[in-house]
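Here is the structure we will look at.
The values are calculated or read from the model by the stated rules, or taken from the named source; none is laboratory data. The structure presented is a predicted model; accordingly, all values stated were derived computationally and were not measured. Don't worry about glycine lacking a Cβ; one is built from the backbone with ideal geometry, like all the others, and counts go over all protein chains shown.
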Amino acid sequence: MNKSGYTDFKKNIYNLIGIDLDYYKEKQMKRRITSLRNRNGFSSFKQYFIGLQNDMALLNEFINYLTINVSEFYRNPTQWQTLETDILPDLIDNSRTPLRVWSSACSTGEEPYSLVMLLTRFYKLRDIKVIASDIDREAIKKAKLGIYNEKSLTNLPAEFIRNYFNKKGEAFQIADIIKERVEFRNIDLLKDPFPKNMDLITCRNVMIYFTEHAKQMLYNKFYNSLSQRGVFFVGSTEQIISPERYNFKSTNTFFYSRIV
């Protein structure tokens with residue numbers, strides 16, 4: 001594989017769409033992009049970039065593939081149980097107002113909608129607000145539409161499916177009363193400012209794709225985004241090694257709070 005060709009490609013992509021591929025693990029990302037390039041019939045990174053410049057559908061496919069939009073409701077359900085029984089009650093006990101919650105890599109919306117539904121066990125629906133963000137605008141469009149296949153609902157409590165979804169043929173559409181409680185934003189975690197004073201931030205199954213340098217930068221940004229008692233919720237393969245290096249302490253497996 002032509003090393004310089006990929007290096008030039010990374011620079012060109014940054015200039016075109018502002019995504020810095022240097023923050024992603026190179027071997028893993030290069031393999032993914034090469035597979036997509038070849039599948040679209042391009043034999044070099046130079047030709048593939050020309051194609052991306054001239055074909056919006058091709059570019060949207062690239063961005064969607066790059067951002068790895070794999071999601072489901074209540075992904076890793078035991079962690080959601082911990083969130084419900086241990087994390088949220090403690091946060092709520094220490095808060096005078098409804099919690100400020102941010103799903104920081106929301107993909108196609110399963111996670112922020114899961115958060116809203118879970119929070120209905122603690123608050124009236126009208127008092128709930130979840131910020132949801134992703135780098136991929138196409139994923140956000142799908143999230144706002146809120147239509148999902150049956151498989152993505154496998155881990156979701158039956159009462160939520162019964163109360164908050166409408167069957168549409170073989171698919172399920174989430175109810176507007178849930179959609180209205182989510183504010184979607186387009187945020188690039190690596191370069192954009194973060195919401196402030198958040199009581200709960202989820203960033204799950206994303207950090208594994210970043211370099212150590214990028215992770216360190218993101219941990220610092222997430223720390224500064226949390227409220228004083230805020231909690232940071234990560235994915236199943238993303239436990240923070242020596243969290244005190246980033247002024248975090250482990251409050252439960254996959255959950256971290258600020259050291260203040």
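Out of all the residues in region 119-133, which are in a strand (DSSP E or B) and hydrophobic (A, V, I, L, M, F, W, C)?
If the condition is that a residue be in a strand (DSSP E or B) and hydrophobic (A, V, I, L, M, F, W, C), then VAL130, ILE131, ALA132 are the ones that fit.
Reported count of residues in region 96-142, each being on the phi > 0 side of the Ramachandran plot and more than 11 Å from the chain's Cα centre (by Cα), is 0. For region 155-190, the tally of residues that are outside any strand (DSSP E or B) and either touching a helix residue (DSSP H, G or I) at 6+ places or on another chain (Cβ under 9 Å) or of a type in the set (D, E, K, R) (or both) stands at 20.
Cβ-Cβ distances below 8 Å connect the following pairs, each with a first residue in region 163-174 that is acidic (Asp, Glu), a second residue that is in a strand (DSSP E or B), and a separation of six or more residues or different chains: GLU170/ASN149. Being touching a Ser or Thr at 6+ places or on another chain (Cβ under 6 Å), among the aromatic types (Phe, Trp, Tyr), surrounded by 13 or more Cβ atoms within 10 Å (Cβ to Cβ) and in the same structural domain as ARG100 (by TED's automatic domain parsing) is a property that does not hold for PHE210. Within the set GLU110, GLU84, GLU72, the sole residue that is touching a Ser or Thr at 6+ places or on another chain (Cβ under 8 Å), charged (D, E, K, R) and modelled with pLDDT of 90 or more turns out to be GLU110. Of the residues making up region 206-222, those that are polar (S, T, N, Q) and within 13 Å of ILE240 (Cα to Cα) are GLN216, ASN220.
Residues that are aromatic (Phe, Trp, Tyr) and closer than 18 Å to THR253 by Cβ within region 204-220 comprise just one, TYR219. Test of understanding: among TYR65, TYR74, which residue is surrounded by fewer than 18 Cβ atoms within 10 Å (Cβ to Cβ), aromatic (Phe, Trp, Tyr) and touching a residue at least 12 places away in the same chain (Cβ under 8 Å)? Matching residue, one of TYR65, TYR74: TYR65.
Residues that are out of contact with any strand residue (DSSP E or B) (no Cβ under 7 Å at 6 or more places or on another chain), within 16 Å of ILE135 (Cβ to Cβ), of a type in the set (Val, Ile, Thr) and surrounded by 16 or more Cβ atoms within 10 Å (Cβ to Cβ) are absent from region 194-202. Could you say whether any residue in region 171-189 is surrounded by fewer than 18 Cβ atoms within 10 Å (Cβ to Cβ), over 27 Å from ASP93 (Cβ atoms), in the same structural domain as GLU138 (by TED's automatic domain parsing) and basic (Lys, Arg)? Within region 171-189, one or more residues are surrounded by fewer than 18 Cβ atoms within 10 Å (Cβ to Cβ), over 27 Å from ASP93 (Cβ atoms), in the same structural domain as GLU138 (by TED's automatic domain parsing) and basic (Lys, Arg). Picking from residues in region 193-238 that are of a type in the set (Asp, Glu) and outside any strand (DSSP E or B), the one that is farthest from GLU84 (Cα to Cα) is GLU212.
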